[in-house]
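The values are calculated or read from the model by the stated rules, or taken from the named source; none is laboratory data. Treat the numbers as computed from the prediction; the structure is a model and nothing was measured. Positions of Cβ are generated from backbone atoms using ideal geometry, with glycine treated the same way; all protein chains shown enter the neighbour counts. These accessible areas exclude ligands, DNA and RNA; they are computed on the full protein's heavy atoms, side chains included. Shrake-Rupley method; radii C 1.70, N 1.55, O 1.52, S 1.80 Å.
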Amino acid sequence: MDKEKTKQAIDKVFRDMAGAMTAGMAYVGTRTGLFRAMAGKGALSLDQVTQATGLQRRYVEEWLKGMASAGYLEYSDGKYTLTDEMAYFVASDGSDHFVGGMWAMVPPLMNVAPKVADAFAKGGGVRFEQFGPDCITALDLINRGQYEERFASYWLKSLPDVVTRLQAGGRMLDFGCGSGRVAMAIKKAFPAAVVEGYDVDAESISRARQAAKGMDIRFATDVPGGKFDLVTICDCIHDLAAPVETLQRVHSLVKPDGTLFIVEPKAADKLEDNRNPVATMFYGFSLFHCMTQSLARGGPGLGTCMGPGQTEKLA
């Protein structure tokens with residue numbers, strides 16, 4: 001064996017294990033409010049962070065040291081600093097650049113990892129409802145900011161005809177709506193529009209109804225009748241157990257002169273172009289969530305890194 005390559009191999013193992021532990025510590029930082037408490041405060045001592053958060057001092061101490069070791073916090077003269085640049089991503093809840101949702105996915109995904117490992121030998125997989133409510137929360141955190149901040153004000157600008165129809169009271173359906181953020185973003189931007197959301201998951205629909213109280217949006221677990229000026233299907237085609245049949249059904253809901261708006265994870269068609277941290281994360285999400293839930297229902301398991309080529313082929 002090559003000694004240098006051997007050293008590189010074990011270094012890679014430790015870096016990746018460190019990344020896994022960092023993701024876990026960062027999840028704690030967002031859930032407990034540690035990042036938010038430190039944002040914009042400059043250099044803080046352990047006691048100052050403990051006082052600001054009201055958390056247990058010994059836990060806070062170990063977390064601060066771990067985050068400093070990982071490079072998320074700066075450390076000097078016994079004080080810790082969350083820089084503005086890092087706070088922009090880790091302490092910006094509700095924005096389109098908040099990353100806390102990704103960390104929130106770690107516990108539910110690792111919780112089903114033994115079941116996924118069993119599926120390697122036995123087949124099948126883990127159904128969506130088996131991930132539990134924390135997974136629904138994490139998915140909402142991942143998507144909420146970008147849907148609220150970008151969908152109506154940025155993405156739809158490239159479709160002026162759609163904007164005109166919605167302003168005039170056109171019908172819009174979010175197919176696979178999850179917690180309802182796309183539908184709510186459209187309704188806020190276009191109050192005259194008739195907005196509906198559909199999802200097979202009853203818990204997601206319940207959350208959508210709760211979040212959209214007073215907004216005159218219909219959320220349901222049954223597919224609505226009639227046809228729509230705009231149908232959106234966001235971040236879920238690759239999850240489907242019957243993608244072709246489902247898209248045929250979606251097509252029947254779009255008016256002949258209407259628009260189907262698809263959002264899918266940004267991955268390349270070729271593995272050679274997916275050798276980067278974002279795609280690596282997507283492959284993990286796919287293995288432990290997206291692909292396995294499709295396979296659990298007898299689907300093709302398209303996977304999170306389905307890519308634009310396969311998406312266009314399906315469409």
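On a straight-distance basis, which lysines could pair with Lys5 in a cross-link, Cα separation under 28 angstrom, same-chain partners fewer than 8 positions away excluded?
Here the lysines satisfying the reach criterion relative to Lys5 are Lys270.
With an 8 Å cut-off on Cα pairs and a minimum separation of 6 or more residues, tell me the relative contact order of the stretch 147-284 in percent.
Value for the stretch 147-284: 21 percent.
How big is the shadow of the Cα convex hull of the chain, averaged over all directions, in nm²?
Mean shadow area of the hull around the Cα atoms is 19.8 nm².
Where does the charge balance sit around Asp96 when Lys and Arg score +1, Asp and Glu -1, over other residues with C-beta under 10 Å from its C-beta?
0
Excluding ligands, DNA and RNA, what is the solvent-accessible area per residue of the chain at a probe of 1.4 Å, expressed in Å²?
Values: 16740 Å² over 315 residues.
Per residue, the chain has an accessible area of 53 Å².
If you consider only alpha-carbon coordinates, what radius of gyration and Dmax does the stretch 187-315 have, in Å?
16.2, 48
Considering only DSSP beta bridges where both residues belong to the chain, give the percentage that are antiparallel (nearest 5).
Taking every DSSP beta bridge within the chain, about 25 percent pair in antiparallel fashion.
Taking the stretch 54-98 as the region of interest, what is the percent of Cα-Cα pairs per 5 angstrom bin, listed from the shortest bin to the one with the maximum distance?
For the stretch 54-98, the binned pair fractions read 5, 21, 23, 24, 18, 7, 2 percent.
Could you check how much of the accessible area of the stretch 273-315 is carbon and sulfur, as a whole percent, using a 1.4 Å probe?
In the stretch 273-315, the share of accessible area belonging to carbon and sulfur is 58 percent.
When the Cα centres of the stretch 141-193 and the stretch 37-67 are compared, how far apart do they sit, in Å?
39 Å
What is the percent carbon and sulfur in the accessible area of the stretch 121-166, measuring with a 1.4 Å probe over the protein chains and ignoring ligands?
So the carbon and sulfur contribution to the accessible surface is 51 percent.
Given contacts defined as C-alpha pairs under 8 Å and at least six residues apart, what's the relative contact order of the stretch 274-315, whole-number percent? Could the numbers behind the result be given before it?
Working: 26 pairs, mean separation 14.0, N = 42.
Relative contact order comes out at 33 percent.
Quick one: go through the stretch 77-118 and flag any residue whose amide nitrogen is under 19 Å from the point 7 Å out along the Cα-to-Cβ line of Ser45.
Residues 77-82 fall inside that zone.
I'd like the trypsin sites (Lys or Arg not before Pro) in the stretch 222-315 restricted to DSSP loop residues with at most 12 other Cβ atoms within 10 Å, sorted by number. Walk me through the intermediate numbers first.
Working: sites: Lys227, Arg249, Lys266, Lys270, Arg275, Arg297, Lys313; in loops: Lys227, Lys266, Lys270, Arg275, Arg297.
Taking the stretch 222-315 and a limit of 12 other Cβ atoms within 10 Å, the loop trypsin sites (Lys or Arg not before Pro) found are Lys266, Lys270, Arg275.
To the nearest 0.05, how large is the calculated FRET efficiency for Lys188 and Ala117 if R₀ is 45 Å and r is the Cβ-Cβ distance?
On the way: r = 43 Å, r/R0 = 0.95.
Computed FRET efficiency for Lys188 and Ala117 comes out at 0.55.
Given a cut-off of under 8 Å on Cα pairs at least six residues apart, what relative contact order in percent is computed for the chain? Provide the component values of the computation, followed by the final result.
Values: 502 pairs, mean separation 41.7, N = 315.
Taking the mean separation of contacting Cα pairs over the length of the chain, I get 13 percent.
Treating only the Cα positions of the stretch 25-106 as identical point scatterers, give the base-10 log of I(q)/I(0) from the Debye formula at each q in 0.21, 0.26 Å⁻¹.
Ignoring solvent entirely, the Cα scatterers give -0.92, -1.42.
Identify the chymotrypsin sites (Phe, Trp or Tyr not before Pro) of the stretch 81-186 meeting these criteria: DSSP loop state and at most 10 other C-beta atoms within 10 Å of the C-beta.
Here no loop site has a sparse enough neighbourhood.
Considering the Cα trace of the stretch 92-243, what is its radius of gyration and what is Dmax, both in angstroms?
Final numbers for Rg and Dmax: 16.6, 54 Å.
Would you mind checking Lys213/Lys255; Lys157/Lys188; Lys157/Lys313 for any pair whose Cα atoms are more than 22 angstrom apart?
Correct reply: Lys213/Lys255; Lys157/Lys313.
Could you give the alpha-carbon Rg of the stretch 104-172 over 2.2 N^0.38 Å, rounded to two decimals?
Here the Cα radius of gyration is 1.70 times the empirical estimate.
Could you compute Rg(Cα) / (2.2 N^0.38 Å) for the stretch 137-222, with N its residue count?
1.02
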